[in-house]
1. Being touching a Ser or Thr at 6+ places or on another chain (Cβ under 7 Å) and buried (at least 19 other Cβ atoms within 10 Å of the Cβ): is that true of Thr117 here?
2. Residue under question is Ser64, and the condition is that it be of a type outside the set (A, V, I, L, M, F, W, C) and loosely packed, with under 13 Cβ neighbours inside 10 Å; does it hold?
3. Which of the residues spanning segment 180-194 are surrounded by fewer than 22 Cβ atoms within 10 Å (Cβ to Cβ) and in contact with a Leu (Cβ under 9 Å, 6 or more places away or on another chain)?
4. Assuming Gly55 fulfils every condition listed in (1) at pLDDT below 90; (2) under 21 Å from Asp227 (Cβ atoms); (3) part of a loop (DSSP other than H, G, I, E, B) apart from one, which condition is it?
5. Does Ala122 satisfy the condition of being crowded, with 16+ Cβ neighbours inside 10 Å, closer than 29 Å to Ile79 by Cα and either over 20 Å from the mean Cα position of the chain (by Cα) or among the aromatic types (Phe, Trp, Tyr) (or both)?
6. Residues in segment 238-254 that are in a loop (DSSP other than H, G, I, E, B) and either under 16 Å from Val57 (Cα atoms) or at pLDDT 90 or above (or both): how many?
7. Are any of the residues in segment 87-95 over 18 Å from Val230 (Cβ atoms), of a type in the set (Val, Ile, Thr), loosely packed, with under 15 Cβ neighbours inside 10 Å and over 15 Å from the mean Cα position of the chain (by Cα)?
8. Mind checking which residues of segment 217-269 are polar (S, T, N, Q), out of contact with any strand residue (DSSP E or B) (no Cβ under 6 Å at 6 or more places or on another chain) and closer than 30 Å to Leu42 by Cβ?
Amino acid sequence: MNAVIAMAAAKTQACEPSKQADVAVRVENVSKWFDTHEPNGLTVLKDISFEVPRGSVVALVGTSGCGKSTLLNIVSGLIKADRGSITYDGKVGKDFDDWSKVTYMFQEDRLLPWRTTIDNVAFGLEAGSMPKRERRERAGALLELVGLQAFADAYPHQLSGGMRSRVALARSLIGEPKILLMDEPFSKLDPSIRTQMHEEILRIHRLKHLTVVFVTHDVEEAVVLADRVVVLSPRPGRVKEIVDIDIPRPRNYLGQPFVDKVRELRQLL
């Protein structure tokens with residue numbers, strides 16, 4: 001009997017690494033509170049746990065003020081959780097040492113107005129030792145990827161909102177990341193331009209084999225892009241439900257499966 005137990009334990013241990021390898025980001029029991037001079041502070045997030053499978057697209061959805069952006073900032077390492085942990089590629093945050101593989105696309109494009117398009121894209125490489133020529137070659141390749149090679153020498157004020165978003169996306173990819181984090185990056189775009197950016201994200205996700213985690217208040221955007229949606233309850237944010245989006249791509253906005261999934265998520269909010 002002991003031998004059987006030992007063999008089972010060994011088999012379990014042998015399976016664990018492969019299971020770990022399938023998870024790009026693991027959020028475990030994360031809580032966050034802020035001191036607002038209230039007796040016990042302001043609890044923003046409480047006991048948040050979910051997994052982001054490698055190569056998947058995961059959306060964080062919830063009502064305003066539920067802590068979506070705070071959670072994404074914790075995942076990005078910009079702020080620390082007060083309780084719980086984040087694991088990247090099997091390494092707990094404090095032991096994770098390859099932050100170049102995690103990139104963040106903010107709500108605002110944050111382009112530097114005095115720099116050309118290609119120089120904005122190449123900006124993230126300037127802290128290293130890469131020669132300028134190589135930086136510009138890599139930035140030029142990314143501009144071609146997002147269809148803006150003809151605007152390499154344009155300045156931000158000469159670009160449309162959608163074009164600026166494409167430049168911001170290219171800049172986010174310059175370090176060849178494995179994990180792309182996005183905080184409502186398309187919320188200020190017109191609907192038609194947003195649709196184009198959705199297609200662009202999905203195309204680049206396939207080409208680059210990225211893992212994507214993004215925040216949105218738009219349920220339809222979540223259903224368009226995500227493989228999995230983490231629905232947060234109102235403050236303090238908790239995981240109310242995790243919904244898998246098993247609709248084949250490209251997804252038909254008017255198709256019944258799409259409409260049903262949008263309705264399901266709206267009922268959870």
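The values are calculated or read from the model by the stated rules, or taken from the named source; none is laboratory data. Source: prediction; values computed, not measured. Note that we place each Cβ from the backbone using ideal geometry, even for glycine, and neighbour counts take in every protein chain shown.
1. Values: touching a Ser or Thr at 6+ places or on another chain (Cβ under 7 Å): no; buried (at least 19 other Cβ atoms within 10 Å of the Cβ): yes.
When the stated conditions are applied, Thr117 does not pass them.
2. So Ser64 fits the description; yes.
3. Scanning segment 180-194 gives a single hit, Asp183.
4. Every listed condition holds for Gly55 apart from (1).
5. On the way: crowded, with 16+ Cβ neighbours inside 10 Å: yes; closer than 29 Å to Ile79 by Cα: yes; either over 20 Å from the mean Cα position of the chain (by Cα) or among the aromatic types (Phe, Trp, Tyr) (or both): yes.
Against the criterion (crowded, with 16+ Cβ neighbours inside 10 Å, closer than 29 Å to Ile79 by Cα and either over 20 Å from the mean Cα position of the chain (by Cα) or among the aromatic types (Phe, Trp, Tyr) (or both)), Ala122 qualifies.
6. 8
7. yes
8. Gln267
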